[in-house]
Amino acid sequence: MVSPNYAIEFLLRTLQLYTPSRSEASLANMLKEACVNELGFEQAHIDSVGNLIAVKGTGDPKIMLCGHMDTVPGEIPVKIQDGHIYGRGASDAKASLIAMLLAASEFRKQRGTIVFAGVVDEEGNATGVKHLVKSKLPLDYAIFGEPSGIEKITIGYKGRLSIRLTCDVGNSTHASAPWLAKNSIEEIYGFWDAIKSLAGNDDNRGRTNSISCSLTEITGGSSHNVTPQKCKITVDIRIPTITSCDKVLEELKRIIDRTAAQKAIKATYRIEDKTEPFEASHSSPLVRALSLSILDVCRSRAVLVRKTGTGDMNVLGNALNIPVVTYGPGEPHTSHTPNEHVGTTEYISSIDVFSRALFHLSRLHNNGKNVTKNKI
C-alpha cells in the first residue's frame, strides 16, 4: 500500500519540474526511473515523441491509464497550504497522472495488463495521444486522467475545430486617406460576426449541447501609418456530440464564402485542429467499475458529466472504439489559473478510487468472459 506521505512527496517532486508543452523530458525521465526502480513495472520506455510508456502484468483485460505530463505555461510556487497542494499542474493534471501511476503500482499482475502512458503536448496539438493511436496498442479499456472531482466521471467532451482565417482587401493606403482602400482589420469583424451565428440562440439545449465560438487571436497591419491589406484571426469552435466537425465545417465554409462575396473581399482559411466530439457508453464495464470504486471510497453515487472542453479521450475513443472515460482529482475551474491547486485528501482518496476501479474492472471483464463461455 502506497503511503500518503510517499504519494504527496511524489506529486510535489513532479510539480517542482516545469513542463510546458513539448518540454516534458525531465518528468518523463523521472517517471521512467520510478517505474522500474520503485513501482514494480516490468518495462518502461520513452517513445519517439517523448511519451513515457510503462507496462505491468500480463493477460486480459488490457487497461491503459493515460495522463498528460505537460502543463500550460506559467510557473506557480509549489507549496502545501490549508489542506491543498499548489503548483502549475496540481489540478491539470499531474495529480491525476501520479494517482493513476501509484494505483497501477499496486495492481496484482495476475489480474491483467496495465499500460501506463504519460503523454506529451495535451495542452498543445495532442501529439502524444495521436502517436499512441498510430502505435495501435491492443487495449480493452482506457482511463484518462483529468480533474473531474472525486465523485464525478467525465463521459463526454465536445469536439474542437480551430481555423485560421485570412482576410485580404487587395491593397492599402496611407492612414491619412483611409477612404482610398478597405481596411482588413475592420472587414474581418464582419466575418467574425457571421461565424458567431454558428452558435445559434437556442438556450434550451444547454452549454454541453450547443456550439460555441471564441475569437482567440488577431494579427494585422504592417505599419502604424498604413491601412492594413491583410488581417488574420484564429477562431476556436467547440462542437457537441449531437453533430460533427465535418457538418460544422460545411456550414462554416458557406458562411465564409457568402460573406466574402457580399464584401467583394478575398478570404481564405486553414484548419489548425479538427477533433471530433466523443461520449462514452454509460453502460460499459468501465463506467460501472469506476462507479463502484467511487461508491467504495466516497460512500456516494458517481455523477456522470459532460464537459464543454476537448480532451485526449476524444482522439483515442473515436479511433479505437473501446470503452473510455476521464476521471481525476481536482476542481477543473482552478486549472490554468494562478491559483491552481488540488485538495490533499482528495488526491490521496483518488489513488484508492483508481486502485479499486482496476480491481472491479478486471473482475467484471473476466466474469463477462466466463458468462459468454458458459452460454456457448
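Below, the figures for the structure above:
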{"quantity": "GNM top mover of A267, A289, A99 - the chain, alpha-carbon springs below 10 Å", "calculated": "A267"}
{"quantity": "Degrees between helix 4-15 axis and first principal axis of the chain (Cα, 0 to 90, nearest 10)", "calculated": "30"}
{"quantity": "Stokes-Einstein D (µm²/s) once Rh is taken as the Kirkwood radius of region 44-105 over alpha-carbon pairs, at 25 °C in 0.890 mPa s", "calculated": "179"}
{"quantity": "Highest-first arrangement of 194-200, 112-118, 22-28, 73-79, where packing means the average Cβ count within 10 Å", "calculated": "112-118, 22-28, 194-200, 73-79"}
{"quantity": "Average Cα contact separation per residue, the chain, under 8 Å, 6 or more apart, as relative contact order %", "calculated": "24"}
{"quantity": "All Cα pairs of region 159-275, percent lying beyond 17 Å", "calculated": "56"}
{"quantity": "Set of aspartates and glutamates with alpha-carbon distance to K109 below 15 Å, sequence-local pairs under 8 removed", "calculated": "E42, D60"}
{"quantity": "Angle in degrees between helix 25-37 and the longest Cα principal axis of the chain, rounded to the nearest 10", "calculated": "10"}
{"quantity": "Projected-area average for region 1-145 over all orientations - Cα convex hull basis, square nanometres", "calculated": "8.2"}
{"quantity": "Relative compactness, the chain, computed as alpha-carbon Rg over 2.2 N^0.38 Å", "calculated": "1.12"}
{"quantity": "Modelled FRET efficiency - R0 56 Å, A175 with R207, Cβ distances, 0.05 increments", "calculated": "0.85"}
{"quantity": "Cross-link pairs K134/K232; K230/K253; K196/K266; K230/K263; K62/K130 - those with Cα-Cα distance over 22 Å", "calculated": "K134/K232"}
{"quantity": "Helix axis angle, 184-195 relative to the chain longest principal axis, alpha carbon, degrees", "calculated": "50"}
{"quantity": "Dipole magnitude of region 159-275 about its Cα centre (Cβ charges: Lys, Arg +1; Asp, Glu -1), debye to nearest 20", "calculated": "160"}
{"quantity": "Directionally averaged projected area (convex hull, Cα atoms, region 283-327), nm²", "calculated": "3.5"}
{"quantity": "Antiparallel bridge percentage (DSSP; both residues within the chain; nearest 5)", "calculated": "70"}
{"quantity": "GNM flexibility winner over the chain from N183, N314, N125 (Cα, springs under 10 Å)", "calculated": "N183"}
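Taken together, the values in this text are just the output of simple stated rules run on the coordinates, not laboratory data. In this text, all values refer to a predicted model and were calculated from it rather than measured experimentally. Cβ: placed from backbone, ideal geometry, glycine included. Neighbour counts: every protein chain shown.
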